[in-house]
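The values are calculated or read from the model by the stated rules, or taken from the named source; none is laboratory data. Since the structure is predicted, the reported quantities are computational estimates derived from the model, not experimental observations. Cβ: placed from backbone, ideal geometry, glycine included. Neighbour counts: every protein chain shown. Side chains are part of the model used for accessible areas, which takes the heavy atoms of the whole protein and leaves out ligands, DNA and RNA. Shrake-Rupley method; radii C 1.70, N 1.55, O 1.52, S 1.80 Å.
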Amino acid sequence: MRKIVAMMLLMVAAMTAWAQDNKNDALREKFFNARVDELVQKLEMNDEQKEKFIPVYRRYSEEMRSVMGPRMRGKKGPKAKGNDEKADKSQREPMTDEERLAHTKQRLERQQKAQAIRLKYIDEFAKVLTAKQVNKLYEAEDHIQKKLMNRRHHMKHGDDKGHKGDKDGKKKSERKKKD
């Protein structure tokens, strides 16, 4: 009986993990497609360029995620007191000097690897896009990244203003309607 219960618990855990992975994959694909749509629009790509760009950009994105991804998955910061991994900052143990240095070194190494990937893909993107579009691509990438970081910051701090509109929280479309 215990074996059956243990096996059922393992199956439930495996199914939950599998469902979470599928949910993450679907969300990742949704973000990728939204990013591609934004880039296609900003770079004013024609249909032929778009068709050739997507597989190259997918490889680029996967390489960048493989370098930068561990940062997000392992970003729990200093150990929390007790068993609650989601404890707020006031409950976390402070980092030691050695941990801070190791953390800084890891961050800089990830950035260095990401920069190498960006440099490598300039030539790949140039096979599909014009030089002007390649330049705009990297500028747009930086803009998108800053926008995402800004949203994360506002969501983390419970501030819904800033990423949706201006200082009073109104969207541009709402202001235009009133004007």
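Applying a threshold of 6 Å to beta carbon distances and a minimum spacing of six or more residues, or different chains, the list of pairs starting in the range 25-43 at a residue that is within 18 Å of R59 (Cβ to Cβ) and ending at one that is part of a helix (DSSP H, G or I) and hydroxyl-bearing (S, T, Y) is empty.
For the range 41-68, a residue qualifies if it is polar (S, T, N, Q) and farther than 14 Å from I144 by Cβ, and the qualifying residues are N46, Q49, S66.
When the range 109-121 is filtered for residues that are without any contact (Cβ under 8 Å) to a residue 60 or more places away in the chain and open to solvent by less than 70 Å² (accessible area, probe 1.4 Å), the ones remaining, listed by number, are R110, A114, A116, I117, R118. In the range 91-108, of all residues being surrounded by fewer than 12 Cβ atoms within 10 Å (Cβ to Cβ) and of a type in the set (A, V, I, L, M, F, W, C), the one that is nearest to M68 (Cα to Cα) corresponds to L108. Screening the range 149-163 for residues that are out of contact with any helix residue (DSSP H, G or I) (no Cβ under 9 Å at 6 or more places or on another chain) and surrounded by 12 or more Cβ atoms within 10 Å (Cβ to Cβ) and picking the one that is modelled with the highest pLDDT gives N150.
Out of the residues in the range 77-90 meeting the condition of being loosely packed, with under 10 Cβ neighbours inside 10 Å and not in a helix (DSSP H, G or I), tell me which one is modelled with the highest pLDDT. By that ranking, first place goes to D88. Take the conditions out of contact with any strand residue (DSSP E or B) (no Cβ under 9 Å at 6 or more places or on another chain), modelled with pLDDT under 90 and closer than 17 Å to K113 by Cα and apply them to R59. Does it pass? Taking the combined requirement at face value, the residue does not satisfy it. Residue count for the range 26-45, restricted to those that are open to solvent by 80 Å² or more (accessible area, probe 1.4 Å) and not aliphatic (A, V, I, L, M): 6.
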